[in-house]
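Data first, discussion second: the structure below is written as structure tokens.
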Amino acid sequence: MSSIVAIVGRPNVGKSSIFNNLTGSNTALVAKFSGLTRDRQYGQAKGSSAILIDTGGISSDSSDLSKDVLEQTELAIKEADILFFIVDVKDGLTALDKEISKRLRKTSKPIYLIINKVDNIKHEALSPEFEELGFTNQLLASSAHNLGLGDIKNILSDISPYEELLDHDNKKDLRISIIGRPNVGKSTLTNKLIGEERVLVSEKSGTTRDSIEIPIKSRNKNIILIDTAGVRKKSSIVEETERSSVSQSLEAVKISQVVIHLIDSQEPLVDQDMHLLGLILSLGRPVILVANKIDLLNEEQKEELKKLVERRLSFAKFVHVHLISAKKGIGIRSLLNLAQEAYLSSTEDLDTNLLNKILIEAVRQQSPSLVGRFRPKLRYVHQGGKNPPILVIHGNNLKKLQRTYKKYIENFFRVALRLKSTPLFIEFVETKNPFEGKVNKLTGKQKKKRKRMIKRNKK
């Protein structure tokens, strides 16, 4: 099982910087999408199966916004198995830090105190001040200078060792998980898919807690539907529902190749929906966003639904949205076909020559901006992985590429490759100069020739 780690603390102590470093801002497995959620962000730690939650800062402000942030942070704390408490050594120990520490202690969960912004020896000398909080697990770090983060990564690796996402490509069965909030019609959809195909071989306990694997056939294709009971369990306690959703969804997504994310068309894309969607994207799985219960909407309401979904998915326009009524059987027939198309997009072997032609055309249409005297150069690209598709672009000065240009490159490849409903991740790698640091040693003959040329030029 993967551990869930919540990163908490005051505003501006460096929580997001640490989150981005631990998850890898330029790698595949991170749910770093603007517009996903203002208060919570999910991502998988590099070298670990732990899921990190970046939270909004806890402040003493009494505004409605601060109250909302605090509520979201408290949900993350209850959801987590382990807490990373971030403080700022430059600010010193504040009254709010003390208040937060008392609140965290009441959870009785393992707490790691991470003293951030320890950029030099002077800052390190200030760190003993935080011993007053009484946490035995203390770490010094500087997210800006990448100091001490290796120790944090080792802790994550120890508490939640890295698990390779299960690869079922060598099997004939396509594994599709169906996830969603309670009461969105998940069971109805599952039963409808089974009933239409008229093939129910067996029901067996899956590899995760409370999950059910149901084999069916679709156009002579063996499909295993993964229904996670924990996500749809009813509870009067919102916090428990949240916890169940994340932990259960994580395990279901891990063993699947495509995810059907079911939402309620009458109550679309609430915060919990966005959190689940972020989790799916962080794990790089193709996802079909399915809005259920459209039989309860009139034409005007359907149009409003489309506009709302389009607005909230501005950060992930590639996600296919499909309208259904599981109860009435509307839109069911094409759903599995869409899932299969998404899977093929996610697992396709991409030709290197084709990729480089696309890269050349992308740069021709829009070159990266100058950074100082130099312009970043994108030299060549190759495929780095499948499900999700990963492209590795090599070049010079790529660290200085603007985020907007990286997004442009991603969108260009997505359109050119005709990818359907699957995340695409691009890694930008600096090309190393093989002669860097090497001194060119001249032979005796070359030295004499050099002297003659210098003497000749002086005349």
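The values are calculated or read from the model by the stated rules, or taken from the named source; none is laboratory data. On a predicted model such as this, the values are computed, not experimentally measured, just so you know. Here Cβ is always computed from backbone atoms with ideal geometry, including for glycine, and neighbour counts include all displayed protein chains.
List of remarks:
- Odd one out for residue 157, checked against (1) under 15 Å from residue 22 (Cβ atoms); (2) at pLDDT below 80; (3) among the hydroxyl-bearing types (Ser, Thr, Tyr): (2)
- Residue 182 being out of contact with any strand residue (DSSP E or B) (no Cβ under 8 Å at 6 or more places or on another chain) and modelled with pLDDT of 80 or more: no
Here's the yes/no breakdown for (1) over 26 Å from residue 102 (Cα atoms); (2) in a helix (DSSP H, G or I); (3) among the acidic types (Asp, Glu); (4) within 28 Å of the chain's Cα centre (by Cα):
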| residue | (1), (2), (3), (4) |
| --- | --- |
| 118 | no, no, no, yes |
| 122 | yes, yes, no, no |
| 125 | no, yes, no, no |
| 128 | no, yes, no, no |
| 131 | no, yes, yes, no |
| 145 | yes, no, no, yes |
| 150 | yes, yes, no, yes |
| 153 | no, yes, no, yes |
| 156 | no, yes, no, yes |
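- From 326, 339, residue being within 18 Å of residue 226 (Cα to Cα), in contact with a helix residue (DSSP H, G or I) (Cβ under 6 Å, 6 or more places away or on another chain), small (Gly, Ala, Ser) and buried (at least 18 other Cβ atoms within 10 Å of the Cβ): 326
- Which numbered condition residue 387 fails, given (1) without any contact (Cβ under 8 Å) to a residue 60 or more places away in the chain; (2) buried (at least 16 other Cβ atoms within 10 Å of the Cβ); (3) in contact with a Ser or Thr (Cβ under 6 Å, 6 or more places away or on another chain): (1)
Let's see how each residue does on (1) farther than 28 Å from residue 317 by Cα; (2) surrounded by fewer than 24 Cβ atoms within 10 Å (Cβ to Cβ); (3) at pLDDT below 70; (4) among the basic types (Lys, Arg):
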| site | (1), (2), (3), (4) |
| --- | --- |
| 222 | yes, yes, no, no |
| 235 | yes, yes, yes, no |
| 263 | no, no, no, no |
| 268 | no, yes, no, no |
| 292 | no, no, no, no |
| 296 | no, yes, no, no |
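- In the set (1) touching a helix residue (DSSP H, G or I) at 6+ places or on another chain (Cβ under 8 Å); (2) closer than 20 Å to residue 139 by Cβ; (3) surrounded by fewer than 21 Cβ atoms within 10 Å (Cβ to Cβ); (4) free of Cβ contacts under 8 Å to residues at least 40 places away in the same chain, the condition left unmet by residue 105 is number (1).
- The set of residues in the range 351-368 that are within 20 Å of residue 429 (Cβ to Cβ) and in contact with a helix residue (DSSP H, G or I) (Cβ under 7 Å, 6 or more places away or on another chain) comprises 358, 362, 368.
- The range 406-459, subset in a helix (DSSP H, G or I) and of a type in the set (S, T, N, Q), residue modelled with the lowest pLDDT: 457
- Test: residue 182 is in the same structural domain as residue 273 (by TED's automatic domain parsing), on the phi < 0 side of the Ramachandran plot and not β-branched (Val, Ile, Thr): yes
- Among the residues of the range 3-57, those identified as modelled with pLDDT under 75, within 16 Å of residue 79 (Cα to Cα) and buried (at least 21 other Cβ atoms within 10 Å of the Cβ) are 40, 41, 42.
- Within the option set 317, 302, 327, being in the same structural domain as residue 220 (by TED's automatic domain parsing), basic (Lys, Arg) and over 13 Å from residue 265 (Cβ atoms) holds for one residue only, 317.
- Residues satisfying the stated conditions in the range 249-300, i.e. touching a helix residue (DSSP H, G or I) at 6+ places or on another chain (Cβ under 7 Å) and among the hydroxyl-bearing types (Ser, Thr, Tyr): 249, 265
- Residue match in the range 80-98 (condition: part of a strand (DSSP E or B) and more than 26 Å from residue 49 (Cα to Cα)): yes
- Scanning the range 290-343 for residues that are among the charged types (D, E, K, R) and touching a residue at least 40 places away in the same chain (Cβ under 8 Å) turns up 293, 312, 327, 333, 341.
- None of 285, 373, 379, 364 is assigned by TED's automatic domain parsing to the domain that holds residue 393 and either crowded, with 17+ Cβ neighbours inside 10 Å or under 20 Å from residue 415 (Cβ atoms) (or both) except 364.
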